[in-house]
1. Of everything in the stretch 91-101, what is buried (at least 17 other Cβ atoms within 10 Å of the Cβ) and touching a residue at least 24 places away in the same chain (Cβ under 8 Å)? Give them in sequence order.
2. Could you list, in sequence order, all residues of the stretch 41-62 that are free of Cβ contacts under 8 Å to residues at least 24 places away in the same chain and closer than 17 Å to D10 by Cα?
3. Conditions: (1) of a type outside the set (D, E, K, R); (2) exposed (fewer than 14 other Cβ atoms within 10 Å of the Cβ); (3) at pLDDT below 90; (4) closer than 18 Å to L50 by Cβ. F168 meets all but one. Number of the miss?
4. Got a sec? Which of D162, D173 is acidic (D, E), touching a strand residue (DSSP E or B) at 6+ places or on another chain (Cβ under 8 Å) and touching a residue at least 24 places away in the same chain (Cβ under 8 Å)?
5. Does D173 qualify as being in contact with a helix residue (DSSP H, G or I) (Cβ under 7 Å, 6 or more places away or on another chain), more than 21 Å from R32 (Cα to Cα) and surrounded by 12 or more Cβ atoms within 10 Å (Cβ to Cβ)?
6. For S78, state whether it is modelled with pLDDT under 95, farther than 17 Å from T27 by Cα and surrounded by fewer than 18 Cβ atoms within 10 Å (Cβ to Cβ).
7. Got a sec? Which helices (runs of 4 or more DSSP H) wholly within the stretch 67-181 have at least 2 residues that are within 16 Å of the chain's Cα centre (by Cα)?
8. Take the residues of the stretch 24-57 that are surrounded by fewer than 17 Cβ atoms within 10 Å (Cβ to Cβ) and touching a Lys or Arg at 6+ places or on another chain (Cβ under 9 Å): which is farthest from F177 (Cα to Cα)?
Amino acid sequence: MTFRPRHEIDNLYFVTGAIVQWTPIFTASDYRSIIFESLNWHCANQRMKLFAYVVMSDHLHWISYPLPPYTINDNIWSFASYTAHEVIKVTKKLNDQVLLHKFSKSARLNKSHKIWRNFQAKNIYSQGFLLQKMEYIHNNPLGKFHLDSRTDFPYSSARYYDEGKCTFIQIEDIFDFLDRL
């Protein structure tokens, strides 16, 4: 993690994670499903509330609220650790030697592989900043994939907010959450 946010109770966080060397592994459903599984697990196990997300080919963003006793750093650490181990399992199962070499080449001295380039989490202190980050998340695929609408990209919460449709990950409505504060 390159930036450790200051954990504050009742704070939302904008989180970004990128794969080493910006490797586009999430184009494959085997890898993308690991992300969905982990985020769903964190929500189902009362570690956080998830409000928005996008899973791009080589990085991801989400907005969440850590649930006590967990902090944003706890959630990022467990997410990164679990997903890294699962990505290595899948890569070995697929016998993708090129990808395994890339992950091992990026590893630190005491580790065999490194999957994540970095994680950053930013405290969200205002509704304006929150709305800016929500728009950023939902519009992120537009330029890269030349879509007509941000709801055409299936690996995002844009469909929920724009059309009221379910997404791959169970999210909570940010506006309902803000009304309860």
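The values are calculated or read from the model by the stated rules, or taken from the named source; none is laboratory data. Given the structure is predicted, the values throughout are model-derived calculations rather than measurements. Glycine also receives a Cβ, built like all others from the backbone with ideal geometry; neighbour counts cover every protein chain displayed.
1. Selection gives L99 alone.
2. Matches in the stretch 41-62: Q46 only.
3. Here F168 meets the rest and fails (2).
4. D173
5. Considered against the rule, which asks whether it is in contact with a helix residue (DSSP H, G or I) (Cβ under 7 Å, 6 or more places away or on another chain), more than 21 Å from R32 (Cα to Cα) and surrounded by 12 or more Cβ atoms within 10 Å (Cβ to Cβ), D173 comes out as no.
6. Criteria not met by S78.
7. Helices (runs of 4 or more DSSP H) meeting the threshold: 72-93, 127-145.
8. D30
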